[in-house]
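A.B. asks: Here's a structure for you.
The values are calculated or read from the model by the stated rules, or taken from the named source; none is laboratory data. What you are looking at is a predicted structure, and each value in this text was computed from that prediction instead of being measured. Virtual Cβ from ideal backbone geometry, glycine too; neighbours counted across all protein chains shown. To get the accessible areas, we keep the full protein, side chains included, count just its heavy atoms, and leave off ligands, DNA and RNA. Shrake-Rupley method; radii C 1.70, N 1.55, O 1.52, S 1.80 Å.
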Amino acid sequence: MKRRNQVFASIIAIIFVGIGTFFVTDDQTKGPSEDTKRTAVELERVVDGDTIIMREEGERKRMRLLLVDTPESNTQKTGKAQPFGKEAKEFLTEYLKGKELSIVYDPNHDAVDQYNRVLAYLYADDELVEEVLVREGLARVGYFNGKELYYDIINQAEKEAKADRKNIWSIKDYVGKKGFNEIKQENYTSY
């Protein structure tokens with residue numbers, strides 16, 4: 001009888017451990033978006049590969065996509081468009097067409113920058129736009145403290161794009177720690 005109780009107790013313990021493992025594993029696969037509030041927005045226009053004009057609750061706002069930096073597509077800051085700047089803008093413009101957009105503010109990061117731009121994550125349908133841009137090699141990870149909700153996801157996408165030498169990563173020494181380096185025309189296509 002004692003042996004039977006021990007076997008029964010062992011089976012029950014294994015079941016509870018299995019259930020606990022399932023919930024821990026299941027919980028670890030959920031992205032932070034499962035626990036964050038999304039706010040619906042309307043796109044007015046794409047300014048650059050990492051900046052849009054949007055309407056949040058009817059109010060027009062300029063938004064900088066959080067944690068990413070794309071090359072400049074216009075000449076105001078740099079005197080000329082940077083390599084892959086126009087491509088990043090065009091990609092973002094096409095990618096957002098016809099999709100339901102929403103934003104997520106990160107409690108671990110400022111919500112507005114020094115230029116009064118909203119700093120948030122952008123979702124197109126259920127895809128994190130910053131991750132898509134970085135995975136395509138059209139943006140680098142930038143302006144982070146390492147504690148942001150999606151830092152690990154976006155950083156992993158950058159590692160993959162870099163390993164595949166996609167777009168911005170195809171130009172040797174182009175991507176710097178604080179932006180994009182000026183390159184000589186002959187280095188544009190070589191690695």
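A.B. asks: Rounded, prolate or oblate: which fits segment 114-182, taking a ≥ b ≥ c as square roots of the Cα gyration tensor eigenvalues, rounded meaning a/c under 1.5, else prolate when a/b beats b/c?
C.D. replies: Note, shape of segment 114-182 comes out oblate.
A.B. asks: Whole number in Å², please: accessible area per residue of segment 33-191, 1.4 Å probe, ligands, DNA and RNA not counted.
C.D. replies: On a per-residue basis, segment 33-191 sits at 56 Å².
A.B. asks: Further question on the same structure: Could the peptides 116-124, 168-176, 130-138 be put in order, highest first, of the mean number of other beta-carbon atoms found within 10 Å of their residues?
C.D. replies: Result, highest mean Cβ count within 10 Å first: 130-138, 116-124, 168-176.
A.B. asks: Anything over 24 Å Cα to Cα? Flag those among Lys77/Lys184; Lys99/Lys172; Lys162/Lys184; Lys77/Lys172, in the order listed.
C.D. replies: Those over the limit are Lys99/Lys172.
A.B. asks: Then there's this: Placing +1 on the Cβ of each Lys and Arg and -1 on the Cβ of each Asp and Glu in segment 68-111, which of Thr75, Phe91, His109 has its Cα farthest towards the positive end of the resulting dipole?
C.D. replies: Of Thr75, Phe91, His109, it is Thr75.
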